[in-house]
Amino acid sequence: MASLGGATTPLPSQCTETPSRARPMNGPRSRHGPQPKDRTKGERDSKEETNRKIASQKSISIILRREATKEVIEKKGGSKKLLPRTLLEALHERITALRWESALKSVSAIMVQVFYLLREQLWYRPNSGIYIKLIVMLGKCKQPEKAHTLFQAMINEGCVLDREAFTALLSAYSRSGLFERAFSILEQMKSTRGCSPDVYTYSIFIKSCLQVYDFCKVQSLLSDMEVEGIKPNTITYNTLIDAYGKSKKFAEMESLLMQMLRQRDCDPDVWTMNSTLRAFGGSEQIEMMEKCYEKFQSAGIEPNIKTFNILLDSYGKTGNYGKMAAVMEYMQRYHLSWTLITYNIIIDAFGKAGDIKQIEFLFRLMQSERIKPNCVTLCSLVRAYGLIGNAEKIAAILRFAENSDVTLDTVFFNCLVDAYGMMGCLAEIKDVLEMMRRKDCKPDKITYRTMIKAYTISGMSTYAKKLQKELASL
């Protein structure tokens, strides 16, 4: 990347200013209707009492109707006189829940049930916006056929098809790796009036192809964009640069970056910078990472917290603790708050370096700042204590995990097995397997390989062979 400047200290010359907080908007002004006629005190009191009773009855009625709606939804019933607002709120809740629920398929099933219940209401009118939201969510749940069913229902109900609806359906198929169907929809869009694909359509399709590293299809889509006269935008380039960087295709990544710089209305942003830094830093090309940082800084692109986390992670993994400390000092000097990811990166780096005093200090510090440790934090601590052979400290971490709301996963238990294996604590490994059973965490191939290694080192070859047979059956 010869066009980039020389290596410098990877710290910006000035701190990014914090944007001022927007003031809250004033509430709606009250509208004054015609003034009421003069009434006696008794009449006014009677009228107010009557109004209170009516308001109370309406409140109770609304509450009961909402409860009835929820009950109908849960029972998959079919009332046709539910409140529009209540039912739409229920639908919105199901859509929002997809961001948080791990069991996406079950949530999407409930979501579709709510929608079909909505269609049965007397007040219902076809709404393409609701259809599109559902199609998008079903695509995220990897249920393209259900998404297509809704797309067809949308047509049958007379909704006007547009580019957004087609793009949602195309995304549903491409997310599931059904690229032939997605290409078919793309061609259908070209032949449908007013629905020609745009840069957003192509960017979504390209992203799906990059998730499975199918660069041939990506090149085909880019060529198709050129034929259609559609120029890639910043989001398109960022998606491409990030994928090529993760695949360590640095020549292609550099070519895309130079191509991006030549575009008039397609300026690199902080996402471009972070993707580039992550690519070089992750492959331990620290000097190139620093050159890129300098180049983006000179172009006026200010770093964000993700930028500093990438720098910390890259320096930590390559043992550049001096530069890592310089980034930490800079962040502290300019009051850049550390996130959970920041703490995890630093704890992991110092843990691998065997600096137990430092990681324990950091662990206490993050708790004092009310940043809750997660499973990644505990994995780093277990690995660090395993390296120095301190089983008591690992037991303390387990007690902490039991008394907290941290969700433990298979990766954490694999770290435990590895740590106990290095110390020759074979009885504790059996305890870990029992703990996994209680937590409904199934051992994976890494669990078995780690146990086989531990038992082989300890001279228990018979048990190691037994585990090898179990591994082969997985």
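The values are calculated or read from the model by the stated rules, or taken from the named source; none is laboratory data. Only a predicted model underlies this, so the values are computations on that prediction, with no experimental measurement involved. Every residue, glycine as well, gets a Cβ built from its backbone with ideal geometry; the counts of neighbours run over all protein chains shown.
The table that follows gives values for the structure above.
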quantity: Search result, residues across region 419-434 that are buried (at least 21 other Cβ atoms within 10 Å of the Cβ) and either without any contact (Cβ under 8 Å) to a residue 12 or more places away in the chain or within 30 Å of the chain's Cα centre (by Cα) (or both); calculated: A419, V432
quantity: Some residue of region 318-340 being closer than 20 Å to T234 by Cβ, of a type outside the set (V, I, T), buried (at least 20 other Cβ atoms within 10 Å of the Cβ) and without any contact (Cβ under 8 Å) to a residue 40 or more places away in the chain; calculated: no
quantity: Qualifying position, being more than 23 Å from D444 (Cα to Cα), surrounded by 23 or more Cβ atoms within 10 Å (Cβ to Cβ) and touching a helix residue (DSSP H, G or I) at 6+ places or on another chain (Cβ under 8 Å), among G351, G389; calculated: G351
quantity: Selection within region 174-187 - farther than 13 Å from L221 by Cβ, touching a residue at least 24 places away in the same chain (Cβ under 8 Å) and more than 20 Å from the chain's Cα centre (by Cα); calculated: L178, R181
quantity: Answer from T407, T447, T456 - the residue that is within 23 Å of I347 (Cβ to Cβ) and β-branched (V, I, T); calculated: T407
quantity: For E360: the one exception among (1) modelled with pLDDT of 95 or more; (2) in contact with a helix residue (DSSP H, G or I) (Cβ under 8 Å, 6 or more places away or on another chain); (3) outside any loop (DSSP other than H, G, I, E, B); calculated: (2)
quantity: Number of positions in region 290-324 that are of a type outside the set (V, I, T) and under 20 Å from R262 (Cβ atoms); calculated: 7
quantity: Residue match in region 384-391 (condition: polar (S, T, N, Q), more than 21 Å from N320 (Cα to Cα) and over 29 Å from the mean Cα position of the chain (by Cα)); calculated: yes
quantity: I241 being part of a helix (DSSP H, G or I) and buried (at least 18 other Cβ atoms within 10 Å of the Cβ); calculated: yes
quantity: Given (1) surrounded by fewer than 19 Cβ atoms within 10 Å (Cβ to Cβ); (2) part of a loop (DSSP other than H, G, I, E, B); (3) at negative phi, index of the condition G459 fails; calculated: (3)
quantity: Selection status of K469, loosely packed, with under 15 Cβ neighbours inside 10 Å, over 27 Å from C375 (Cα atoms) and not hydrophobic (A, V, I, L, M, F, W, C); calculated: yes
quantity: Options K231, K190, K207: the member that is within 22 Å of the chain's Cα centre (by Cα) and basic (K, R); calculated: K207
quantity: Identity of the residue in region 223-281, of a type in the set (F, W, Y) and touching a Phe, Trp or Tyr at 6+ places or on another chain (Cβ under 9 Å), that ends up farthest from D198 (Cα to Cα); calculated: F280
quantity: Members of region 369-403 found to be of a type in the set (A, V, I, L, M) and not in a helix (DSSP H, G or I), listed by number; calculated: I371
